[in-house]
Each structure stands twice: as C-alpha cells, then as structure tokens.
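Okay, structure first, notes after.
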Amino acid sequence: MGGPATLRGIAASPGIAVGRVWVLDQRKVKTPRRDLAPEEVPAEVRRLHLALAASDRQLAEVRRKVEQLEGTEHTAIIDMHRMMLKDELLVAEAERLVREERVNAEWAVKRAVRKIKAAFSDVADPYFKERRADVDHVGARVIDNLLGEAPEVQEPPPEGAVVVARDLSPADTALLLHERKVAAFVTDLGTQTSHTAIVARALGVPAVVGVARVTQAAARGDWIVVDGARGLVVVGPTAGERDDYLQARERYLAHEREQLATRDLPATTLDGVTVRLVGNIEFAEEVEGLVAHGGEGVGLYRTEFLFLGRGDLPDEEEHYRNYRRVLEALAPRPVTIRTFDLGADKLPVGVKARAENPALGLRALRYCLRQPELFRPQLRGLLRAGRHGNLKVMFPMVSGVAELRAARRALADAAEELRREGQEVSLPPVGIMVELPSAALIADRLAAECDFLSIGTNDLIQYTLAIDRQDKEVAYLYRPLHLAVLRTLALICDAGKRAGIPVSMCGEMAGEPLYALVLLGLGLSELSMNGPSIPPVKRVLRAARAADGRALLDRLLALTAADDIERTVRDEMARHFPDLVGTEGPVGPAAG
Ligand code: PEP
Ligand code: MG
C-alpha cells in the first residue's frame, strides 16, 4: 500500500493500540443438499476423503504457524481438531450417509456433525459440551473444502494483534477478547451502543467501529494505530507516527492509573448526596476489574452472554455456578442479575433472527416467558445462588404489568419447586428494566409491583426516538438529551420516588461524565456502568452539588431544541469542570 491512511469511525472504546493487522474472515457458508444417482456414489465417497485430507493438511499448516508464533501452548486444540477429522463417528457416518442415503458429501458431513453433537449433549461433563463447538469448526472446514472454497487458513489472531473485521457479533468479540488477548479491534460496521462496543469497553480494549471499508484499506500484517477515544485509525503509519502514538498510549495509561486513586472514596457530592456507582458486566471474569475501578457492586449482569458463542443452552448447574461466583466475589455488595435478554443482536449460535424487525420481536422477557425450558433453569440457578450473596433479580424489556406479573409468578414457582425438593430458598428483591416507552409511561403502576427500577437508556432512547441503536446512518439522531428523553427520565424517577423504591440507570448514558450533573438532578440513587467509566463519573460527582444538578435539570426541561439542551449542559459542565469538557464535538456517547 501507499502512505499512511487515516480513517475515521465511531469512538467505541477508549485507549490506544499500535500493532499489526489481523483481518478476520467471516464468510458464512450455506450447505447445499443434493440426491445422488447410484453411479455417482463412488466418486462422491472419494470427494469426501479428499476433503478430509485437505482439511488435515490445512490444520497441520495452522499448527505450524501457531507454534512458530506462540510455542506449543495453543497447539493442543488444533491437534484435537485433526483427530476429529479421523474419528470414525465423523468419517464412517458421513460415508454411510453417502452410500446408503445417497446424499452429497457436504450434506452427509453436516448430518454426521449434528449426530456427534447430539451424542455430546447427553454427557453432562462440561468438557464434552465444549467439544460440540469444536465439532462445528471441524465440520465447517470439511464442508468449505468440499465446496471448493478452501478456507483461508484461519489460525487464531496472535496476542497483541489488532483485529479488523467487517462486523463482529458480541460472541466473536467476547471470544476474541477473552481467549486471544487482542490489542484492539476495528470494524466496518457498528455503533457506540452495539454490544460489541459495550463488551470492548467493559474489558478495557480500545475499539473503533463504523469505519466504513477498513477491511479494504488494511491487510494482514500492516501496521495499524487505533485511537479508541478519538475514533481514529491509521493504517500503515510511519515509524514516527508509531512512536508518537506509543507515547500517547503511555500518557493514557498513566492517566488511567491516576483515576484509580479514587477507588475507595464514595461518590458523595459536596452537599452530601451519595450515589452508588456499580458496574455492568457480561462475564464473571470482569468482577476483578470492576472492583479495581471502585465498583460498589453490580447493577447489571447481562447473563445472555452465557449463551453467546455456543450452540447449546447453559443448564441449571452452570447458571448456579456462574452467579454464585459473582455473588461470592462481591458479597456483601449488591449484585443485580438480569435474566436473559436474548434476541435482536444477541442470539446464540445457530439461531437466526426470524423476525423482520427483531428489536420489536420476540426478545428478552417475551422470549423467556415463551420458552420455559430456557427460563426455568435460569430462575432456579438464580434462586439457589442467592444464598451466597446479596442478589437482586431484574427482568428486561418489560412492556406492561402482565409481563411483570408473569415473570414474578415464574420466579415464585421456581422457588416453590426448589422448596419441595428440600432446598432452602428465599425470594430476592425483584426489579425491572425500564427501557420501553410503555413502561416509562406506566412507571408508577410498575413501581407499585416491584422493588426497584433500572433505566436502560440504550433501548429507551432507541424506542423513544425510533433510532435503531445499530444503525450508523441514524446515529446522529440518537440524542440522550432530547427533550422527549429527558421528560421520560424525569417521569420514571418521579414514579420511583413516589413509590418509595430506588431508581437506577444502567444504560451507557449513566457512564458519561458529561451527563453526571443532569443525572444527579434526576435523583437517581445508583448509576451502573462499565468499570473504566466509574472513576471519571465519580470525580464529577464528588465535585458537584446535587442542588446544582436539580437547578440545571429545571432549566433544561424549560428548553425545547436538543441543540439548546446540549449546549446548556456543555456550558454548565465547562463552567464547573473545565478540564472535562473540550471545545468541540457533540455531547453524547452515541452522537458520532
Ligand atoms: C439498555 O437497554 O440500556 C441496557 C442496559 O440493556 P442492553 O444494552 O443490554 O440492551
Ligand atoms: Mg436493553
């Protein structure tokens, strides 16, 4: 390529990375099915064996590369995949299907894979459960080879690589960040509030999303700089630019360390109002980082991430173990665990979004109430884990009282069942996410039937303003300070206050320091955000007065245009916290 190319995208997760590009190949292959004439069978069996052999050669090549890069630490998994290619269950079964049922080899492999996975699913040992995903990978490779589309040798990205992809599902992101320790990622698609961005922020990995065509501009092995705070990507930087960014990285890390110094101080304002700052987590592993940033508990545990990146369902034991681990790690601090919010952009492997408009479809609580076999093990796991800490249960996407009542009934039934089995369980406090306009409008009625409210601004803004939170084209209209949003927030907080129950906020808006004074004015008792957002928000709160927040909120509610509201907030914040507010750029996490 020529000189350096600077590309702009959406600042999805702060931090600076300088590394080598790793482009992720994400083709999805559809397996064709064809019936064979009897005379075609021998050639098809040969084709099957050739594809198996080609797959083995490719894996041997991957192994060699991984070994070169990282030593033998990660080669065991590849060895296992190679063994699977020789396994009777796969080879003999696929061959049998070709001979006896006279189907093409692609289809036969797909069927054999399905059968092996079914056999594994009957074995309770978690090791075998893990193996189901491996069988899928191996099967996909053989099918690719049969289709003549030799899969690009897809070795995992080496540690420290910058992953470049067209788009990443939350599952891809989680796997990459958890298992591969990549340095940063950059995608063509995505927005600030897509779950990919949220996971990156939670794990403190820099990310820039919505960089149209970065996958065309960058090739594997190119140097790349990622500035996650400014939403900038430099492909092919000069040595001088690399040095500059490495120095900027050091400054950023030093600043982070400084922020952590407030870890043990409460978020109490100058006039004595204390707001509890808690964390949003997706995985039990995030608890440590959260506590290091000063998290006083968990305000939102997005349990659906247990599902993602795998093809089977977690069972009751797995739920129980996961929740117990988080509860014990934080006890006596509160942990609010949200039941599955599956659907829309969060779906398990193999489940396709069926609805034309999944954000308005069968997702979250609706989905769980429809699928008791999925909901019941979760509720039972939660109730059992509740003994090990300070548990609160929260239901997502509640649209009316009927759903809240049905969910509470399901929880009470699960408790009753456990008691009949001789287990000691008590019902935890139950709350709801207020993230639909309908729930906001009847927040008073909902508040009368639950123990706390938690405002999910990501969805609430999406549904109030009719802005798809995934759609870059309308991201400029996603304005947390729109008067309609502010009025809605005030309505919910007021309903909570009248009912005498706490109101929390767990959407991304809660973690933006620029909004801290407004949120203080709303009287929220708890703000839940990603760990790294806690220190800057705390800094604002500790230097603020709740009375100033209330006065500011009154002024904002008297304005009309979002531009005026945003400017007023920016001016007020600049007056009180001059080093926090820059002179350019819109107010708001998703305004890019
Ligand atoms: C929200 O909608 O604000 C929220 C916190 O839930 P999620 O981002 O998981 O949809
Ligand atoms: Mg939501």
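Of the beta bridges in the chain, as assigned by DSSP with both residues counted there, near 35 percent are antiparallel. If I model a spin label as a point 7 Å beyond the Cα along the Cα-Cβ vector, how far apart are those points for A5 and Q247 in nm? Between A5 and Q247, the simple spin-label model gives 2.8 nm. Against the chain, whose longest principal axis comes from its Cα atoms, helix 483-499 is set at around 80 degrees. If one computes the Cα centroid of segment 315-337 and of segment 430-507, what distance in Å separates the two points? Cα centres, segment 315-337 to segment 430-507: 26 Å. Antiparallel beta bridges, as assigned by DSSP with both residues in segment 267-577, represent about 5 percent of the total such bridges. Ranked by the mean number of other Cβ atoms within 10 Å of their residues, highest first, the peptides 377-389, 505-517, 268-280 fall in the order 505-517, 377-389, 268-280.
Considering all C-alpha pairs of segment 387-513, those separated by over 20 Å amount to 48%. Projecting the alpha carbon convex hull of segment 245-303 along each direction and taking the average yields 5.4 nm².
Remark: spin-label model distance T238-Q423 equals 6.4 nm, labels positioned 7 Å along the Cα→Cβ axis. Summing charges over all other residues whose Cβ lies under 10 Å from the Cβ of P429, with Lys and Arg as +1 and Asp and Glu as -1, gives 0.
The residues packed around L52, meaning those with a beta-carbon under 15 Å from its beta-carbon, carry a net charge of 0 if Lys and Arg are +1 and Asp and Glu are -1.
Ordered from largest to smallest accessible area (heavy atoms of protein chains, 1.4 Å probe), the residues Y320, Y301, Y252, Y476 come out as Y476, Y252, Y320, Y301. Figure note: S504, S399 ranked by solvent-accessible area, largest first, 1.4 Å probe, ligands and nucleic acids not counted: S399, S504.
The order of K497, K110, K392, K30 by accessible area, most exposed first and with a 1.4 Å probe, is K30, K497, K110, K392. Seen from all directions on average, the chain presents a Cα convex hull projection of 28.6 nm².
Beyond 32 Å in Cα-Cα separation lie the following of the pairs K117/K392; K115/K392; K392/K472; K181/K472; K472/K497: K117/K392; K115/K392; K392/K472; K472/K497. Label sites at A219 and M80, each approximated as a point 7 angstrom past Cα along Cα to Cβ, lie 3.6 nm apart. Compactness of segment 267-577 was expressed as the Cα radius of gyration divided by 2.2 N^0.38 Å, which yields 0.98. Calculated on C-alpha atoms, the gyration radius of segment 514-557 divided by its Kirkwood radius gives an Rg/Rh of 0.98. Structural descriptor for the chain: relative contact order 14 percent, calculated from alpha carbon pairs under 8 angstrom and at least 6 residues apart. Remark: the chain carries 44 Å² of accessible area per residue (probe radius 1.4 Å; ligands, DNA and RNA excluded). Note on segment 192-269: Kirkwood hydrodynamic radius from all Cα pairs is 14.8 Å, rounded to one decimal.
Each of the peptides 447-454, 531-538, 573-580 was scored by the mean count of other Cβ atoms within 10 Å over its residues; in descending order, highest first, they stand as 531-538, 447-454, 573-580.
The values are calculated or read from the model by the stated rules, or taken from the named source; none is laboratory data. Bear in mind the structure is a predicted one, so any value in this text is a computation, not a measurement. Note that we place each Cβ from the backbone using ideal geometry, even for glycine, and neighbour counts take in every protein chain shown. Surface accessibility is based on the protein's heavy atoms, side chains included, excluding ligands, DNA and RNA. Shrake-Rupley method; radii C 1.70, N 1.55, O 1.52, S 1.80 Å.
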